[in-house]
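For reference, the structure is listed below as structure tokens.
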Amino acid sequence: MSAPPVEPALTRWQLPSPNDADENGFVGVGADLEPGTLLAAYRHGLFPMPFRKQLVGWWSPDPRGILPLDGLIVSRSLRASVRHFEIRIDTAFTEVMRRCGDPMRPHGWINDDFIQAYTRLHELGWAHSIETWRDDELVGGLYGVRIAGLFAGESKFHTVTDASKVAVVATVEWLRASGGTLFDVQWRTEHLATLGAVAIDRSEYLGLVTAAIKPIPDLRQV
């Protein structure tokens with residue numbers, strides 16, 4: 001079993017309340033991407049994205065997208081696809097982020113500052129990549145932040161049909177096997193809905209986060 005994640009220095013910022021968000025889920029702008037700041041944000045139901053390229057924006061959507069671990073939908077065709085991929089965890093974290101942030105992808109937002117920040121979180125044991133490989137080639141995956149029972153999914157990519165969906169399936173299986181309780185997907189998209197994602201009120205989400213981030217006895221960290 002791997003060593004538990006390393007708790008970084010506390011953030012020096014007073015983060016806003018998620019309940020201060022506007023109708024688009026935007027809470028505010030500022031602070032930094034230090035490990036302590038990122039962990040404080042996730043623990044309070046916030047997540048960052050670049051704002052006007054140079055700034056850090058913070059979001060807390062209402063409704064919030066989650067994928068219930070007992071509500072995963074695996075179609076017959078997806079179940080067949082699973083057999084054609086190899087799953088690896090944390091073997092190519094930064095590469096997964098770079099592929100998710102490919103500027104050729106529509107709505108790409110992951111810049112070098114974010115890649116460096118989440119790579120630091122990964123090195124401390126908090127951020128993880130769930131990867132799909134075929135013939136020893138990285139063809140899909142996702143990354144996110146794990147705090148006890150919470151996994152906050154950030155982004156995913158694929159270059160082969162079903163590769164990112166298989167990564168989602170593998171993430172649910174990993175969470176089920178390691179005491180996870182909450183798979184946050186930020187927004188319920190039609191794509192994620194086909195896998196079982198649902199939208200819940202922010203207040204309900206915040207309650208689930210509070211319960212999920214309590215330490216899990218004998219949690220097996222990747």
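Structure data summary
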| quantity | calculated |
| --- | --- |
| Residue count, segment 70-126 (criterion: at pLDDT 95 or above, in a loop (DSSP other than H, G, I, E, B) and under 14 Å from Y143 (Cα atoms)) | 5 |
| Some residue of segment 105-124 being crowded, with 19+ Cβ neighbours inside 10 Å and either of a type in the set (D, E, K, R) or closer than 19 Å to L192 by Cα (or both) | no |
| Cβ-Cβ under 8 Å pairs, at least 6 apart or on other chains, segment 62-80 side more than 16 Å from R176 (Cβ to Cβ), far side buried (at least 17 other Cβ atoms within 10 Å of the Cβ) and of a type in the set (K, R) | D62/R202; P63/R188; P63/R202; R64/R202; G65/R188; L78/K165 |
| Elements of type helices (runs of 4 or more DSSP H) in segment 148-222, at least 1 residues being among the aliphatic types (A, V, I, L, M) and over 16 Å from R43 (Cβ atoms) | 163-177, 190-193 |
| Those residues of segment 181-198 which are touching a strand residue (DSSP E or B) at 6+ places or on another chain (Cβ under 6 Å) and surrounded by 15 or more Cβ atoms within 10 Å (Cβ to Cβ), in sequence order | L182, F183, D184, V185, Q186, R188, L192, A197 |
| Search result, residues across segment 59-73 that are surrounded by fewer than 17 Cβ atoms within 10 Å (Cβ to Cβ) and out of contact with any Lys or Arg (no Cβ under 8 Å at 6 or more places or on another chain) | P68, D70, G71, I73 |
| All positions within segment 125-169 that are farther than 13 Å from V96 by Cβ and either in contact with an Asp or Glu (Cβ under 8 Å, 6 or more places away or on another chain) or among the aromatic types (F, W, Y) (or both) | W126, R134, V145, L150, F151, A152 |
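The values are calculated or read from the model by the stated rules, or taken from the named source; none is laboratory data. Just so we're clear, the structure is a prediction, and the values are computed from it rather than from any experiment. Because the Cβ atoms are built from the backbone with ideal geometry, glycine has one as well, and the counts that use them run over all protein chains shown.
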